[in-house]
Amino acid sequence: MLVGVSIRVSSAFDGGNGDRVAADGPDDVRVRIRKDVGGRFMQWFYFRVTGHGRAPLTVRIVNAHEGSYRAGYEGYRAVASTDRKQWVRVPTEYDGTNLVIRHPGGDDAVWLAYFAPFSMERHADLIARCQRQPGVTLESLGHTLDGQDLDLLRFGDGPLQAWVIARQHPGETMAEHWMEGFLARMLDDTDPVARRLREAATFHVVPNMNPDGSRRGHLRTNAAGENLNRAWMEPSMETSPEVFLVRQRMEQTGVGFCLDVHGDEELPYNFIAGADGIPSLTPRQASWLEEYRGALERISPDFQTKHGYAPAAPGQANLRLCTNWVAERFGGLAMTLEQPFKDASNHPDPVYGWSPARCQNLAADCVAALWAVLPELLPAGDAPG
């Protein structure tokens with residue numbers, strides 16, 4: 001008979017988060033999530049369970065009630081894997097205190113996570129693949145507080161300065177899964193849309209804005225406990241070097257188009273938030289936003305425009321956010337793409353929910369949507385023929 005001491009919970013790996021509290025048997029494994037540096041945020045988890053003898057598992061995250069977005073547990077199902085490649089949804093319920101996750105067993109080791117992880121090793125593989133493609137330049141903008149590189153990929157030679165960034169919030173791993181799909185399509189020389197976009201625009205791509213938080217297993221902050229998407233007005237090399245370095249380069253290049261890719265814990269939809277409410281909002285910026293949203297909705301069944309964040313009142317936008325700061329500073333089209341931790345309720349998948357493959361497919365559709373609105377974004381005389 002299994003005894004509790006034989007069951008191990010480990011998270012001492014890239015992006016891991018979750019510590020064993022107790023295990024009285026495979027039907028009663030208790031785990032505690034660690035808070036981000038700074039103590040303000042907590043909800044990301046990623047850990048391995050072994051020693052359960054392949055029996056069905058019931059895992060309780062005992063401090064789930066301290067999570068930053070408890071409404072995110074409603075209708076949520078955790079992801080599980082036995083090979084760390086395929087992640088499937090498993091029965092999950094929130095009892096007001098514990099997040100209870102059930103797994104059918106059958107293997108010696110089971111990995112459980114809030115969403116399919118995207119490790120810094122996978123990030124390194126992505127960077128290595130991309131930098132070998134013709135026309136791609138890789139540059140380290142500088143170092144993070146933990147000494148990691150902040151990677152920038154550049155390609156294209158057109159007049160539109162297009163910035164695409166992801167994963168300011170490290171637990172939003174769907175953002176970098178999206179990046180894999182975006183870069184795969186944009187660097188495909190057999191794709192005519194990608195080729196024409198590279199002719200019309202110069203792309204500046206930061207696949208992971210928060211390497212330190214990613215490696216540490218944080219939900220929202222960097223190594224200093226800074227929420228990067230609240231640091232765009234006054235970043236510093238001491239607390240938010242990631243934003244400081246990217247913003248510094250944006251000042252050099254200018255920005256005509258910016259897409260900041262995220263994930264949302266609570267809303268089971270893909271949606272885009274614009275720069276509504278910035279003091280200098282122009283009719284052209286508002287029109288560009290609606291045109292892009294409309295194009296993406298027509299292209300992708302996974303995208304919709306009915307659900308999302310309420311727009312800020314005129315002049316009341318929070319300029320500490322990337323999208324708002326960029327739109328106010330440069331006057332172009334700036335947007336935040338949000339993807340669900342749960343599933344896209346308008347087009348659900350009972351096995352995988354919102355998944356890495358669907359993130360990548362949505363990214364390819366975002367490329368098509370950019371092509372659809374490109375003539376409006378380019379200066380007169382530069383529109384593709």
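Numbers for the structure displayed
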| quantity | calculated |
| --- | --- |
| Qualifying residue in the range 333-349 (condition: polar (S, T, N, Q), out of contact with any helix residue (DSSP H, G or I) (no Cβ under 7 Å at 6 or more places or on another chain) and closer than 19 Å to P235 by Cα) | no |
| Which listed residue is out of contact with any Phe, Trp or Tyr (no Cβ under 9 Å at 6 or more places or on another chain), in contact (Cβ under 8 Å) with a residue 40 or more places away in the chain and in the same structural domain as A200 (by TED's automatic domain parsing), from A327, A313, A372 | A327 |
| Test: residue in the range 68-76 that is more than 22 Å from the chain's Cα centre (by Cα) and among the acidic types (D, E) | no |
| The range 266-313, residues that are of a type in the set (D, E, K, R), in a loop (DSSP other than H, G, I, E, B) and crowded, with 19+ Cβ neighbours inside 10 Å | D276, D302 |
| Selected residue [in contact (Cβ under 8 Å) with a residue 12 or more places away in the chain, surrounded by 23 or more Cβ atoms within 10 Å (Cβ to Cβ), outside any helix (DSSP H, G or I) and of a type outside the set (A, V, I, L, M, F, W, C)] from G263, G225 | G263 |
| Criterion violated by A194 - all others in (1) within 24 Å of T253 (Cα to Cα); (2) outside any helix (DSSP H, G or I); (3) among the small types (G, A, S) satisfied | (2) |
| Residue ID - surrounded by the fewest Cβ atoms within 10 Å (Cβ to Cβ), chosen from residues in the range 77-101 that are without any contact (Cβ under 8 Å) to a residue 24 or more places away in the chain and touching a Lys or Arg at 6+ places or on another chain (Cβ under 8 Å) | P91 |
| Sole exception among (1) polar (S, T, N, Q); (2) surrounded by fewer than 18 Cβ atoms within 10 Å (Cβ to Cβ); (3) not in a loop (DSSP other than H, G, I, E, B) for T323, by number | (2) |
| Count - residues of the range 102-122 that are buried (at least 18 other Cβ atoms within 10 Å of the Cβ) and in a strand (DSSP E or B) | 5 |
| Residues located in the range 345-357, provided they are modelled with pLDDT of 95 or more and touching an Asp or Glu at 6+ places or on another chain (Cβ under 6 Å) | G353, W354 |
| Tally, over the range 157-180, of residues that are of a type in the set (G, A, S) and within 25 Å of Y69 (Cβ to Cβ) | 3 |
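To keep it simple, each residue is scored yes or no on (1) crowded, with 21+ Cβ neighbours inside 10 Å; (2) in the same structural domain as G225 (by TED's automatic domain parsing); (3) touching a His at 6+ places or on another chain (Cβ under 7 Å).
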{"position": "H143", "(1), (2), (3)": "no, yes, no"}
{"position": "D146", "(1), (2), (3)": "no, yes, no"}
{"position": "D149", "(1), (2), (3)": "no, yes, yes"}
{"position": "G158", "(1), (2), (3)": "no, yes, no"}
{"position": "L183", "(1), (2), (3)": "yes, yes, no"}
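The values are calculated or read from the model by the stated rules, or taken from the named source; none is laboratory data. Note that the coordinates shown come from a computational prediction; the quantities given were computed from them, not determined experimentally. Positions of Cβ are generated from backbone atoms using ideal geometry, with glycine treated the same way; all protein chains shown enter the neighbour counts.
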